[in-house]
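*Asks:* There's a structure below that I have some questions on.
The values are calculated or read from the model by the stated rules, or taken from the named source; none is laboratory data. Being a predicted model, the structure only gives us computed values, none of them experimental. Cβ coordinates were reconstructed from backbone atoms using ideal geometry, including for glycine residues, and neighbour counts include every protein chain displayed. Calculation scope for accessible area: heavy atoms of the full protein, side chains included, ligands and nucleic acids excluded. Shrake-Rupley method; radii C 1.70, N 1.55, O 1.52, S 1.80 Å.
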Amino acid sequence: MKRAARLPWLLVPLGLCWAWLAGRHQHDAGRPWTFLVSELVPGAILIGAGLIIWSRRPQNRCWRLLVAAGFAWNVGDFEHSTNVDVALGAFAFGRWQGVFLAWAALAFPSGRLQHRHDRLLVVTLFALFAARSLSRLFLHVPPDVAGYGVENRFFPITDDRWWRLVEDAFAWSYATTMLLVLASVTHRWIRSSTPGRRMLSPGLCAAAVLAAAVAYEYVIGWNAEINAATGLRIFYVVWWAHAGVAIALAWGLLRLRRSRSAVVDLVAELGHDAPPARLGDALSRALGDASLTLLPWSAEAGSYVDDSSRPVELPVDQPNRAVTRIERRGEPVAALAHDIALLEDPGLVNAVVAAVRLTIDNEQLQAEIEAQLAEVAASRSRIVAAGDVERRRIERDLHDGAQQRLVTIALALRLAETRLDGGTGPHIHAVLSQAVEDLGEAIDELRDLARGIHPAILNESGLGAALESLVNRSPMPVRLDVDLLGEPPSAVASAAYFAASEALTNIVKHANAHEVAVRAVVRDDMLRLEISDDGRGGADTRDGTGLRGIADRVATVGGTVRVTSPAGRGTRIEVELPCASS
Amino acid sequence: MGCTVLIVDDQLEFRMLARELLEADGFVVVGEAGDGHGALGAALDLRPDVVLLDVRLPDGSGVDVVRTMRGWAAPPMVVLTSTADYTQAARECGATGFISKRLLSGPVLRAAIETA
């Protein structure tokens, strides 16, 4: 928190000093401490409520009005001071708290006066209190004549008619203005819908209590015969009323803050899985506005769209309805059609806008990430497929080119050998035989190389034959069980063959197994390949490239690999590859 | 007259050498074909005693050609392979036998026919 933002806390010691000073003056005038404390409490509650609002919602202006009301309340406590000048000043300028409280009730909950007639009412109240202050300064008669107040130092007159006239006019005008304040707030409350009324209710309560207290104090109490019992009753009514006003306003504002928190909590709860329709419903419930509609912006349609992605026009010119457009960097994101009462609390609207923007941003980011992941997966599949095609071409070239030429040369040498006449020495026969034998080995090596690049039998005879060939070439006995019900797609068959080949290679190299089994079954459009052995186990997909290579290759066709390899209890590799039955 | 043979392979040079090798051992090569389609036609026209064909042909698998000819009560068919991958498939399709290409000779072919 910045230093300037902490300054309001200085009001705490200032208020205490102010209260102590007021109490000190009252005590010097002979008032008992219990009475003093009771009289000081409303001011303390007003200041305290203002500071609580400031601490929770520093942007809201209502806290200043409550603090001002609290200090204004305590100004009146100095009117019993033994210092004549202080007492006159307090008598003239004290008890202005009604102006600030009425202002707060009219401006609730935003702290800003929204309507011209409300501003007029506040100006009227200031004018009334100013007129009364001037009257008390210059027209007031000494207390021995009026029976109330302090000595008039400026015009020591004895005729109290003008002063009485001003005081009576003030009382009636003040009470009437307060009733108008109540009427204004009530009118706003009546015109609002359910959520708006809920929001404005604390302000309405405050205005009602304030108007009743003012009417009671200035009309009924003022015209009643003032005695000790009546004075005390008026005092307590006003005391409770002002405390009630402060508490109602503070509670109302803090409740709004809870609404904002509820919005934030709601978004956190919805998380990333919040389609606009669900978010709109959740916001509607959280804000108690059944009419709230969230309309996301569709860049494709170039307009706002409804739940069914149909373009819609934003509602305009409707009483009690408002549209809040949500944008990011000038680009539309969504629009909220809602009860106009939400605008009474700009902070709540900001929270909702932020929540919607955040949620839709998250959704768009998630969609982009998913699209990118899908593109990466597709790209990986294309790369693998292109690699397969290339390997197949190389294998074919090896078979049709180098391998065939070597075979042909071998045959040619053998033909030459058969045609050597009897005069040729046995040495030549031996050389030719060795050449044929070496060629045979070269052909075998080339064949193995070609098969390693791509097993031609996989394309020509299918996965079953390829697995059988693979098992037959294994240096250890392997039990094979194949039930494919047709040939899976080429990419799936390649992945399955690669997985089986890699797994068998691993078993031969590392497992020290005695029994090995390969099982390939197609059920429910899923090729399930299982390679198991009774070897030493302990295989880890994080070690080496064999198992990881299987997982990578299988993933290119959307498959999964599960490896179970407890130490000393063999290894089981289960591969699942989605495939359409053919 | 010796045993008549039809040689089916897409490599002209191989066919020529195979012809010389077999004829040196008393076989009579009555025809050659470069692909499966030609093999079927030649087999029908020439009626050889034995068909010697590569397992991999430009227009398909030699195994498929064998499977097709089986329906005609065709002569013995011996499949030439360059790898053991196809031996099981060759057996299952009804071929009389299979020979590694590089080991082809008259005696080997005769043995393959006789052991069937």
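*Asks:* Of all residues being within 10 Å of another protein chain (Cβ to nearest Cβ) and open to solvent by less than 20 Å² (accessible area, probe 1.4 Å) in segment A:449-463, which is modelled with the highest pLDDT? Just the residue, please.
*Replies:* Per the criteria, the residue is A:Gly462.
*Asks:* Something else now. When you scan segment A:57-108, how many residues do you find that are among the acidic types (Asp, Glu) and either in a loop (DSSP other than H, G, I, E, B) or open to solvent by 20 Å² or more (accessible area, probe 1.4 Å) (or both)? Full working, then the answer.
*Replies:* Residues of segment A:57-108 that are among the acidic types (Asp, Glu), as a first pass: A:77, A:79, A:85.
Then drop every residue that is not either in a loop (DSSP other than H, G, I, E, B) or open to solvent by 20 Å² or more (accessible area, probe 1.4 Å) (or both), which leaves A:79, A:85.
Counting residues in segment A:57-108 that are among the acidic types (Asp, Glu) and either in a loop (DSSP other than H, G, I, E, B) or open to solvent by 20 Å² or more (accessible area, probe 1.4 Å) (or both) gives 2.
*Asks:* Then there's this: List the residue pairs whose Cβ atoms are under 7 Å apart, where the first residue sits in segment A:51-76 and is on the phi > 0 side of the Ramachandran plot and touching a residue at least 24 places away in the same chain (Cβ under 8 Å), the second is small (Gly, Ala, Ser) and open to solvent by 10 Å² or more (accessible area, probe 1.4 Å), and the two are 6 or more positions apart or on different chains.
*Replies:* Every condition considered, no pair remains.
*Asks:* Looking at (1) within 14 Å of chain B (Cβ to nearest Cβ); (2) in contact (Cβ under 8 Å) with a residue 60 or more places away in the chain, can you tell me which one A:Asp388 breaks?
*Replies:* Just one mismatch for A:Asp388, condition (1).
*Asks:* Sticking with this one: Determine, yes or no, whether B:Arg110 is in contact (Cβ under 8 Å) with a residue 12 or more places away in the chain and crowded, with 19+ Cβ neighbours inside 10 Å.
*Replies:* On the way: in contact (Cβ under 8 Å) with a residue 12 or more places away in the chain: yes; crowded, with 19+ Cβ neighbours inside 10 Å: no.
No: the conditions fail for B:Arg110.
*Asks:* Here is a follow-up. For B:Ala39, work out the one condition from (1) open to solvent by 10 Å² or more (accessible area, probe 1.4 Å); (2) farther than 16 Å from B:Ile99 by Cα it doesn't fulfil.
*Replies:* In the conditions (1) open to solvent by 10 Å² or more (accessible area, probe 1.4 Å); (2) farther than 16 Å from B:Ile99 by Cα, B:Ala39 misses (1) alone.
*Asks:* What's the number of the only condition in (1) open to solvent by 40 Å² or more (accessible area, probe 1.4 Å); (2) more than 9 Å from every other protein chain (Cβ to nearest Cβ); (3) under 57 Å from the mean Cα position of the chain (by Cα) that A:Leu484 fails to meet?
*Replies:* Against the list (1) open to solvent by 40 Å² or more (accessible area, probe 1.4 Å); (2) more than 9 Å from every other protein chain (Cβ to nearest Cβ); (3) under 57 Å from the mean Cα position of the chain (by Cα), A:Leu484 comes up short only on (1).
*Asks:* In addition: I'd like the full set of residues that are out of contact with any Ser or Thr (no Cβ under 6 Å at 6 or more places or on another chain), facing chain A (nearest Cβ under 9 Å) and either under 26 Å from A:Ala402 (Cα atoms) or open to solvent by less than 50 Å² (accessible area, probe 1.4 Å) (or both), limited to segment B:18-28.
*Replies:* B:Ala18, B:Glu20
*Asks:* Six or more apart or on different chains, Cβ under 9 Å: which pairs go from a residue in segment A:454-483 that's on the phi > 0 side of the Ramachandran plot to one that's outside any helix (DSSP H, G or I) and surrounded by fewer than 24 Cβ atoms within 10 Å (Cβ to Cβ)? Could you list them?
*Replies:* Listed by first residue and then by second, the contacts come to A:Gly462/A:Leu484; A:Gly462/A:Glu487.
*Asks:* Select from segment A:437-448 the residues that are within 11 Å of chain B (Cβ to nearest Cβ) and without any contact (Cβ under 8 Å) to a residue 12 or more places away in the chain and write down the one among them that is farthest from A:Ala500 (Cα to Cα).
*Replies:* A:Glu437
*Asks:* Would you mind telling me which numbered condition in (1) modelled with pLDDT under 90; (2) in contact with a Phe, Trp or Tyr (Cβ under 7 Å, 6 or more places away or on another chain) B:Cys3 fails?
*Replies:* Result: B:Cys3 fails condition (1) only.
*Asks:* Name the one entry in A:Glu417, A:Glu363, A:Glu375 that is in contact with a Pro (Cβ under 8 Å, 6 or more places away or on another chain) and more than 17 Å from B:Glu13 (Cβ to Cβ).
*Replies:* A:Glu363
*Asks:* Find all pairs meeting these conditions: Cβ atoms under 8 angstrom apart; at least six residues apart or on different chains; first residue within segment A:511-532 and open to solvent by 80 Å² or more (accessible area, probe 1.4 Å); second residue among the acidic types (Asp, Glu).
*Replies:* Cβ pairs passing all conditions: A:His514/A:Asp534; A:Glu515/A:Asp533; A:Glu515/A:Asp534; A:Arg519/A:Asp481; A:Arg519/A:Glu530; A:Arg528/A:Glu574; A:Arg528/A:Glu576.
*Asks:* Another one. If B:Gly62 meets every condition in (1) within 14 Å of chain A (Cβ to nearest Cβ); (2) open to solvent by 60 Å² or more (accessible area, probe 1.4 Å) apart from one, which number is that one?
*Replies:* B:Gly62 satisfies every listed condition except (2).
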